[in-house]
1. How big is the accessible area of Lys64 in square angstrom, nearest 10, if you roll a 1.4 angstrom probe over the protein chains?
2. Over the chain, give the accessible area per residue in Å² for a 1.4 Å probe, as an integer.
3. Which value, in debye to the nearest 20, gives the size of the charge dipole of the chain about its Cα centre, when Lys and Arg are +1 and Asp and Glu are -1 at the Cβ?
4. If each of Glu75 and Trp105 carries a label point 7 Å out from its Cα toward its Cβ, how far apart are those two points in nm?
5. For segment 4-115, just the Cα atoms, rotate onto the principal axes and tell me the three extents in Å, largest first.
6. Give, as a single signed number, the net charge of other residues whose beta carbon lies under 15 Å from the beta carbon of Val92, with Lys and Arg counted +1 and Asp and Glu -1.
7. Once neighbouring chains are kept in place and the probe is 1.4 Å, which whole percent of the accessible area of segment 43-115 is contributed by carbon and sulfur?
8. Counting other Cβ atoms within 10 Å, which GluC sites (Glu not before Pro) in segment 22-115 have at most 13 and lie in a DSSP loop?
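The values are calculated or read from the model by the stated rules, or taken from the named source; none is laboratory data. Keep in mind that what you see is a predicted model, and the values were worked out from it rather than measured. Using ideal geometry, Cβ is built from the backbone for each residue, glycine included, and neighbour counts are taken over all protein chains shown. All accessible areas refer to the heavy atoms of the entire protein, side chains included, with ligands and DNA or RNA removed. Shrake-Rupley method; radii C 1.70, N 1.55, O 1.52, S 1.80 Å.
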Amino acid sequence: QVHLVESGGGLVQAGGSLRLSCTAAVPITSFNTVGWYRQAPGKQRELVAHISSDGSTNYAESVKGRFTISRDSAENTVDLQMNSLKPEDTAVYYCHAFKRGDHYWGQGTQVTVSS
């Protein structure tokens, strides 16, 4: 069982920044992809960004240019730097990892952006 631990959520004003961190108990590069999803109240969970084992990245259109995903292989972490936050970014953010057909999820961290 893979254990993913998220940190860094909180409350911020519109235009502000937050940094989320996801730490894995196994080498982060052993996964095909590691990334972040979010789920707002009454909405489906959606992909925010992910990074593949080869280092390539993918972002939702709504966050391009504002969010940056990065990986620290030595620390087994994947971070999401979120800038220029908007109220519509408010959601529970989940770390996700995929390997050999299996999906792994963190417990989620709340991000609230006030207007």
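1. Around 110 Å² of this residue is reachable by solvent.
2. Details: 5950 Å² over 115 residues.
For the chain, the per-residue accessible area is 52 Å².
3. Working: 10 positive and 10 negative charges, 34 e Å.
Its charge dipole is roughly 160 debye.
4. 2.6 nm
5. Between the extreme Cα coordinates on each principal axis of segment 4-115 lie 40, 26, 23 Å.
6. Overall, the nearby charge balance is -1.
7. Roughly 43 percent of what the probe reaches on segment 43-115 is carbon or sulfur.
8. Glu75
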